[in-house]
Amino acid sequence: MPLKEAEKQIEKVREYIKNNFLNEALSLMQNIISDKECATNEMVLLEMGQVFLAKENFQESQIWFKKVLDQNKGNIYAIKSMLRVSYNLEDYENVLVYLKKIIHEREKFQNDLSDMINFLFIKLFKYKETDDENKIRSIINILVFCNEYIKDYKLKNILINELEILNKEVVLKSKPRVAVISMTSRCNIKCKMCKIPSEHWDFPNNKKQEIFNLFPSLQKVIWHGGEPFLYPDIDDMIVEAGKHGINQVISTNGLLLSEERIKKIVNSKMELNISIHGLEKEVYESIHCGGKFELLLKNLETIKEIIDQSKLYMKYGVKFLLMKSNYKHLNKLYDFALKYGFNHVYVNTLGYDTINEENFIHHYQDTGIIQNVIENSKILSDKFKRVNILYEAWLPELCEQKNEVKQKEESFIEAKFCCYMPWQSIVINTDGVVQNNCYCENLILGNINEDTIDDIWNNNKIIEIRKNIIKNGFDEKCSLDCKNKRISSSFLKNPVG
């Protein structure tokens, strides 16, 4: 086959790849390469590698790109492709080799470099969950090499932060990556398990600029209350955060969601979570005191209708807090989630700090209820999996004797460096109290009414907490929920989620 004819055929192959007709592309390439004149041609070999790359057969594509480089070590397109193959094969030693070869061509391959950097960050978070320190260090070494070519401030902050965690530094140059902000203590209802302060508090106007200053570095912001939609400027805060591409999450009781507000939330693609702790009128209204079940259902129907019409994907979750008065509703969650279009379901229990008759786990332990909850949760998990709805249940293990729980806590405390929260996240609670995690009520870092967020981020208290976590796995005041593994290690090491 003359090379000119082969070139025409290769154009057809590229069209096949573009339209994802990969088997047709491979068949045509096999026909081209069967010709002796084409079998060693650099362009043909390169295109064969591209077909296998498109098919995500990275081992096979590597063979063909190596054949190109055997003929021409300087073929920049084969080098670029080998870079992509290497990071997909998790061969980070070769990633650095090929990266150094094309870095001088970075303007030509800016999109490839950006794809690789994003891919490496995804892998980095994965390895953090499995404590694969060798691969973590390999990836960070590559990212450090790329640092001067990373133009995005947010990515630079992530890189600096991950390097600080790896090197166990306690005074940070990086800024917070996650912020959980209580905008107000006020609420339009009074749930029986909530602690509503007698004096109302709103996030101070003179401190809003400090939040805006965090936006360039933030990957995620979670808006909390009370009821966050009672804060007068919440809509403006959401718009401002949206300008910085921040993953926004808002938790609400859903009773103040007008049609106009729902449309804004859906169009912004932010995550919307509705707290619903009873799936029938009597139970719902006995827990959400002052809440109207009919109004809730009306708003849920409106949300579903608007999401369906928009055809946009957004995370939409129901948060269900298990109590003595509602645990029998757990097996109703599947039908409820399907009916109202939820794609995430979160189930949790009352913590150690909630001391009332509803707490069937910690203070009024009822193993019968716990067993019922665990069994129904397993059934739910399987059902939700089949319909592609994310189901997260933070439930305790059933222990026959209380001292078994204690032994588990003590053995877990011995673990090293279990939590990255003080390196990555900041929580501003009502009254301006600052912590690193909403579970760490005893770990008070400061107060925004007295100090700036920047000053609190590296003050003596947080430095001491970071040192204790590095040395002991946890600070002595860390939440028991974290120490006894009720809060997953992956969450504590990757709060960005």
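Report the residues of the stretch 273-312 in range of a label on Glu259: point 7 Å along Cα→C-beta, backbone N strictly under 15 Å from it.
The answer is 298-310.
When only Cα pairs under 8 Å and 6 or more residues apart are kept, what is the percent relative contact order across the stretch 59-204? Intermediate results must be reported in sequence, preceding the final value.
Numbers: 92 pairs, mean separation 18.1, N = 146.
Relative contact order for the stretch 59-204 comes out at 12 percent.
If packing is taken as the mean number of other Cβ atoms within 10 Å per residue, what is the order of 27-36, 468-477, highest first?
Working: 27-36: 15.4, 468-477: 17.2.
Descending packing order for the listed peptides: 468-477, 27-36.
Which of the residue pairs Lys190/Lys471; Lys67/Lys135; Lys328/Lys483 have a Cα-Cα distance greater than 30 Å in the structure shown? It would help to have the intermediate numbers written out before the result.
Numbers: Lys190/Lys471 41 Å; Lys67/Lys135 28 Å; Lys328/Lys483 28 Å.
With Cα atoms farther than 30 Å apart: Lys190/Lys471.
For Lys195, which lysines qualify as cross-link partners when the Cα separation must be under 22 Å and same-chain residues fewer than eight apart are set aside?
Those lysines meeting the cut-off are Lys292, Lys319, Lys324, Lys477.
Taking Cα pairs under 8 Å and at least six residues apart, what relative contact order does the stretch 253-389 come out at, in percent? Show your work: numbers first, answer last.
Details: 167 pairs, mean separation 31.9, N = 137.
Computed value for the stretch 253-389: 23 percent relative contact order.
Quick one: if the Förster radius is 30 Å, what FRET efficiency do Phe212 and Asn458 give, using the C-beta to C-beta distance and rounding to 0.05? It would help to have the intermediate numbers written out before the result.
Details: r = 20 Å, r/R0 = 0.66.
It comes out at approximately 0.90.
Might you report the magnitude of the Cβ-based charge dipole of the stretch 170-259 about its Cα centre, with Lys and Arg at +1 and Asp and Glu at -1, to the nearest 20 debye?
Numbers: 11 positive and 9 negative charges, 101 e Å.
The dipole magnitude comes to about 480 debye.
Which entry in (1) 23.1; (2) 25.9; (3) 24.4 is this structure's computed Kirkwood radius over Cα pairs in Å?
(2)
Which residue, Ser86, Trp457, Ser27, has the largest displacement toward the positive end of the dipole of the chain when charges sit on each Cβ (Lys, Arg +1; Asp, Glu -1)?
Ser27
Place +1 on the Cβ of every Lys and Arg and -1 on the Cβ of every Asp and Glu in the chain, take the dipole about the Cα centre, and give the residue among Met193, Met323, Phe145 whose Cα lies farthest towards its positive end.
Phe145
List the lysines whose alpha-carbon lies under 16 Å from that of Lys311, not counting same-chain residues fewer than 8 positions away?
The qualifying lysines are Lys263, Lys264, Lys269.
Are there any GluC sites (Glu not before Pro) in the stretch 170-240 that are in a DSSP loop and have at most 11 other Cβ atoms within 10 Å? List them by number.
Listed in order of number, the matching sites are Glu199.
How big is the dipole moment of the stretch 93-199 about its Cα centre under a simple scheme where the beta carbon of each Lys and Arg is +1, that of each Asp and Glu is -1, and everything else is neutral? Debye, nearest 20, please.
Working: 20 positive and 15 negative charges, 113 e Å.
It works out to roughly 540 debye.
Can you give me the solvent accessible area of Thr40 with a 1.4 Å probe, rounded to the nearest 10 Å²?
Only protein atoms counted, so the area is about 90 Å².
Expressed as a rounded percentage, what relative contact order does the chain have, with Cα pairs under 8 Å and six or more residues apart? All intermediate terms of the calculation are to be shown ahead of the outcome.
Numbers: 705 pairs, mean separation 55.1, N = 497.
It rounds to 11 percent for the chain.
Okay, helix-only estimate at 222 nm for the chain: each DSSP H run of n ≥ 4 adds -39500 (n - 2.57), divide by all residues, round to 500 deg cm²/dmol; what do you get? Can you show the working numbers first?
Numbers: 23 runs with 254 residues, N = 497.
Computed mean residue ellipticity for the chain: -15500 deg cm²/dmol.
Using the crude model of +1 on Lys and Arg Cβ and -1 on Asp and Glu Cβ, and no other charge, please compute the dipole size for the chain relative to its Cα centre, in debye to 20. Write out the running numbers ahead of the final one.
Numbers: 68 positive and 70 negative charges, 111 e Å.
The dipole magnitude comes to about 540 debye.
How do His200, His244, His344 rank by accessible surface area computed with a 1.4 Å probe, from largest to smallest? Display every interim value, and only then the final one.
Details: His200 130, His244 65, His344 10 Å².
The ranking, largest first, comes out as His200, His244, His344.
Under a point spin-label approximation (7 Å from Cα along Cα-to-Cβ), what is the Ser310-Asn57 distance to one decimal in nm?
Distance between the two pseudo-spin positions: 4.2 nm.
Between helix 22-33 and the chain, what is the angle of the helix's C-alpha long axis to the longest principal axis, kept within 0 to 90° and rounded to the nearest 10?
Approximately 20 degrees, to the nearest 10.
Put +1 on the Cβ of each Lys and Arg and -1 on the Cβ of each Asp and Glu in the chain; which of Ala337, Pro204, Ile426 then has its Cα farthest toward the positive end of the dipole?
It is Ala337.
Counting only protein heavy atoms and a 1.4 Å probe, tell me what percentage of the chain's accessible area is made up of carbon and sulfur.
Values: 11550 of 24310 Å².
Of the solvent-accessible surface of the chain, carbon and sulfur hold 48 percent.
Kindly express, to the nearest 10 degrees and within the range 0 to 90, the angle between helix 42-54's C-alpha long axis and the longest C-alpha principal axis of the chain.
Taking Cα atoms only, the helix is inclined about 20 degrees.
If the reach is capped at under 14 angstrom between alpha carbons, list the aspartates and glutamates near Lys66, excluding any in the same chain fewer than eight residues apart.
List returned: Glu42, Glu47.
Kindly state, to the nearest 0.05, the FRET efficiency for Asn72 paired with Gln30, given R0 = 25 Å and r defined as their beta-carbon distance. Provide the component values of the computation, followed by the final result.
Values: r = 23 Å, r/R0 = 0.91.
That gives a FRET efficiency of 0.65.
In the stretch 157-268, what percentage of the DSSP-assigned beta bridges are antiparallel, given to the nearest 5? Display every interim value, and only then the final one.
Numbers: 1 of 10 bridges.
Here the share of antiparallel DSSP bridges comes out near 10 percent.
Rounded to the nearest 10 Å², what accessible area does Asp152 show when all protein chains are kept and the probe is 1.4 Å?
Asp152 exposes around 80 Å² with every protein chain in place.
Could you sort 254-264, 219-229 so that the peptide with the highest average Cβ count within 10 Å comes first and the rest follow in order? Can you show the working numbers first?
Numbers: 254-264: 15.5, 219-229: 22.0.
Result, highest mean first: 219-229, 254-264.
Counting DSSP beta bridges in the chain, what percent are antiparallel, to the nearest 5?
Numbers: 7 of 38 bridges.
Just about 20 percent of them are antiparallel.
Using heavy-atom solvent-accessible surface (probe 1.4 Å) with all chains present, what is the largest-first order of Arg84, Arg177? All intermediate terms of the calculation are to be shown ahead of the outcome.
Details: Arg84 105, Arg177 0 Å².
Descending accessible area places them as Arg84, Arg177.
Enter the accessible area per residue of the chain (Å², integer; probe 1.4 Å; all protein chains in place). Don't jump to the answer; show the numbers that get you there.
On the way: 24310 Å² over 497 residues.
Each residue of the chain exposes 49 Å² on average to a 1.4 Å probe.
For helix 92-102, report the angle its Cα long axis makes with the longest principal axis of the Cα atoms of the chain; keep it between 0 and 90° and round to the nearest 10°.
Between the helix axis and the principal axis of the chain, the angle is about 60 degrees.
The values are calculated or read from the model by the stated rules, or taken from the named source; none is laboratory data. All figures in this text were calculated on a predicted structure; none of them were measured in a lab. Don't worry about glycine lacking a Cβ; one is built from the backbone with ideal geometry, like all the others, and counts go over all protein chains shown. Remember, those area values only see protein heavy atoms, side chains included, never the ligands or the DNA or RNA. Shrake-Rupley method; radii C 1.70, N 1.55, O 1.52, S 1.80 Å.
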